[in-house]
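The values are calculated or read from the model by the stated rules, or taken from the named source; none is laboratory data. No experiment lies behind these values; they were computed from the predicted model shown. Every residue, glycine as well, gets a Cβ built from its backbone with ideal geometry; the counts of neighbours run over all protein chains shown.
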Amino acid sequence: MARGKHSKRALGRGWVVGLAVVIATLALGGSTAFAAYRYDHASAAHILPGVSIDGVDVGGMTRDEAVRAVAARADGTLTSALTISAAGSSWVESSADLGTRADVEGAVDTAFGVASQLSFFSRVYHRLADKPVTTEIALGYTYDDAAVQAFVQRVYDEVAKNPVDAAIKLIDDQLVIRRPKVGQALKTYVATSKIMSALERHLTAVQLPVKTVEPQVTAQTIGKTIVVDLSENRLYLYDGLKIAKEFPVATAAPGYTTPVGTWKVVNKTENPTWFNPAPDGWGAGEPLVIPPGPGNPLGIRALYLSAPGIRIHGTYNSASIGTYASHGCIRMYISDSETLYPLVPVGTTVIIKP
């Protein structure tokens, strides 16, 4: 009877001891887990060990420390020189000058985000054991299309050369023959693409393409031009920029004017009828109209100019050729007027120089 009571008391004490052990073990485990939780929370302000951004080890750094370290690395890239060449000229610009920016904050955010990809116990392990997670994060850059396009426009303006059209002109009473020249222009779309590519690849030099701009008027397309030199009393027919024909002529007698300037052939007539232009003046006593045929003052071919009342025409008065004998018109030998006539289309430029 006494032994039974003793057994019950021993059993009761064993249960209590076991319970105490269990409670102590749970308490110890809970304390450890709580401590680990607090450690993980406190360490969250630091990047996990082994994380790098663009080659910069930011493991263990705070946000401000990581931003400063990565920004210093980015500055090296953003301030590095890019030599841009086009048409024999060159410009040195930095990536920053061309609108490039580094996303430092975004890269640091990604570095901190590595921790969230690991389990709670893995994070604590890597931090306590200083075990690197070996993660490399690329530093992202943004590019400003508008800034690059503005620079390309600047280059375009500096290298552009307008083409020069072929021309025969009267400038300050002097005949000027201008030969055509090709121009040049930057290929803006390709230039923009090449600069953007150079920035993205962190190149140090880039060559921009230039295209040739052809003149609108060449020696082959300028056509015919008549030049009348009053000082020589000669007419020159230019085909392109070269003299194709030349003829002696008669021009205005003293008191009359063959007008200096640039004119056009506005009409041309075979076997023209002559209408007296000044019946009350120098034409007084002359018929009002002389039909085609021998004795017609215009001969058998006439080119009518935009200069009022002025024509280039044949004359039966051969003795006047080479002298100053007309009332303003330009006279030619009959045979020369026949030669010239088919060579000159309506619209041909006529330059009369002193």
Yes/no for D103 being in contact (Cβ under 8 Å) with a residue 12 or more places away in the chain and either surrounded by 14 or more Cβ atoms within 10 Å (Cβ to Cβ) or under 30 Å from Q207 (Cβ atoms) (or both) = yes
Test: residue in segment 146-162 that is in a strand (DSSP E or B) and surrounded by fewer than 18 Cβ atoms within 10 Å (Cβ to Cβ) | yes
Confirm whether R123 is within 24 Å of A35 (Cβ to Cβ), surrounded by 14 or more Cβ atoms within 10 Å (Cβ to Cβ) and in contact with a Pro (Cβ under 8 Å, 6 or more places away or on another chain).
-> no
Hey, A107 closer than 24 Å to A72 by Cβ and either within 18 Å of the chain's Cα centre (by Cα) or not acidic (D, E) (or both) or not = yes
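Does A167 satisfy the condition of being under 29 Å from T204 (Cα atoms) and either loosely packed, with under 13 Cβ neighbours inside 10 Å or modelled with pLDDT of 95 or more (or both)?
No: the conditions fail for A167.
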All positions within segment 51-83 that are in a loop (DSSP other than H, G, I, E, B) and under 26 Å from A198 (Cβ atoms) | D54, G55, T79, S80
Hey, can you tell me all the residues within segment 202-243 that are buried (at least 16 other Cβ atoms within 10 Å of the Cβ) and more than 14 Å from I177 (Cα to Cα)?
-> V206, L208, V210, P215, V228, D229, L230, N233, L235
Per the filter on segment 320-339, residues part of a helix (DSSP H, G or I) and more than 23 Å from F275 (Cα to Cα) are T339
If you go through A244, A307, A284, the only one that is over 30 Å from D157 (Cα atoms), at pLDDT 95 or above, part of a loop (DSSP other than H, G, I, E, B) and small (G, A, S) is A307
May I ask you to verify whether P272 is assigned to a loop (DSSP other than H, G, I, E, B), crowded, with 16+ Cβ neighbours inside 10 Å, at negative phi and under 40 Å from the mean Cα position of the chain (by Cα)?
-> no
Any residue at all in segment 165-179 that is closer than 22 Å to D64 by Cα and polar (S, T, N, Q)?
-> no
Restricting to segment 55-88, what's the tally of residues that are acidic (D, E) and under 14 Å from A102 (Cα atoms)?
-> 1
The correct count of residues that are over 17 Å from P132 (Cβ atoms) and in contact with a Phe, Trp or Tyr (Cβ under 8 Å, 6 or more places away or on another chain) in segment 45-69 is 1
In the set T348, T258, which member is closer than 30 Å to A167 by Cα, touching a Gly at 6+ places or on another chain (Cβ under 6 Å), touching a residue at least 40 places away in the same chain (Cβ under 8 Å) and surrounded by 14 or more Cβ atoms within 10 Å (Cβ to Cβ)?
-> T258
